[in-house]
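Colleague: Sharing a structure, written as structure tokens. Questions coming.
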Amino acid sequence: MTPLDIVNTRIEIYRNLAIAAIGLASVAVAAIAAVVAPRAAGIAGYVYFLIGFGEWGIGEYGGRMRKKLLASASTGTANISRA
């Protein structure tokens, strides 16, 4: 795999983990709300608004990593081990 493939794969893994975590958070909010305030269990749906923030943050991270990769490619040192 090329360094760019590694970066893209890492970003896609982070995106999938973020979506899964948001889904689990929604389930947790629904379960808690069902016990505490059964008529308010629908507020769990609003947790899905976090997807936008997650995608934005991961997109920013991906942009920084790609910029770092391009800068290191021009100097000949491609180290993308950690941000």
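The values are calculated or read from the model by the stated rules, or taken from the named source; none is laboratory data. Just so we're clear, the structure is a prediction, and the values are computed from it rather than from any experiment. Glycine also receives a Cβ, built like all others from the backbone with ideal geometry; neighbour counts cover every protein chain displayed.
Colleague: Please pick out the residue among Ser26, Ser72 that is surrounded by 12 or more Cβ atoms within 10 Å (Cβ to Cβ), of a type outside the set (D, E, K, R), assigned to a helix (DSSP H, G or I) and modelled with pLDDT of 95 or more.
Modeller: Values: Ser72 fails: modelled with pLDDT of 95 or more.
The match here is Ser26.
Colleague: Can you tell me which of Ala21, Ala83 is of a type in the set (A, V, I, L, M, F, W, C), modelled with pLDDT of 95 or more and loosely packed, with under 13 Cβ neighbours inside 10 Å?
Modeller: Details: Ala83 fails: modelled with pLDDT of 95 or more.
Result of the check over Ala21, Ala83: Ala21.
Colleague: Determine the pairs where a residue that is assigned to a helix (DSSP H, G or I), located within the stretch 48-64, has a partner that is modelled with pLDDT of 95 or more with Cβ atoms under 6 Å apart, the partner being 6 or more residues away or on another chain.
Modeller: Short answer, once both residue conditions are applied: Leu50/Ile22; Ile51/Ile22; Gly54/Ala18; Ile58/Tyr14; Ile58/Arg15; Gly62/Ile11.
Colleague: How many of the residues in the stretch 39-61 are within 17 Å of the chain's Cα centre (by Cα) and more than 15 Å from Ala20 (Cα to Cα)?
Modeller: Filtering the stretch 39-61 down to residues within 17 Å of the chain's Cα centre (by Cα) leaves 47-61.
Then keep just the ones that are more than 15 Å from Ala20 (Cα to Cα); that gives 56-57, 59-61.
Summing the residues that are within 17 Å of the chain's Cα centre (by Cα) and more than 15 Å from Ala20 (Cα to Cα) in the stretch 39-61 gives 5.
Colleague: Check Ala44, Ala18 and return the single one that is in a helix (DSSP H, G or I), touching a helix residue (DSSP H, G or I) at 6+ places or on another chain (Cβ under 8 Å) and free of Cβ contacts under 8 Å to residues at least 24 places away in the same chain.
Modeller: Values: Ala18 fails: free of Cβ contacts under 8 Å to residues at least 24 places away in the same chain.
Exactly one residue qualifies, and that residue is Ala44.
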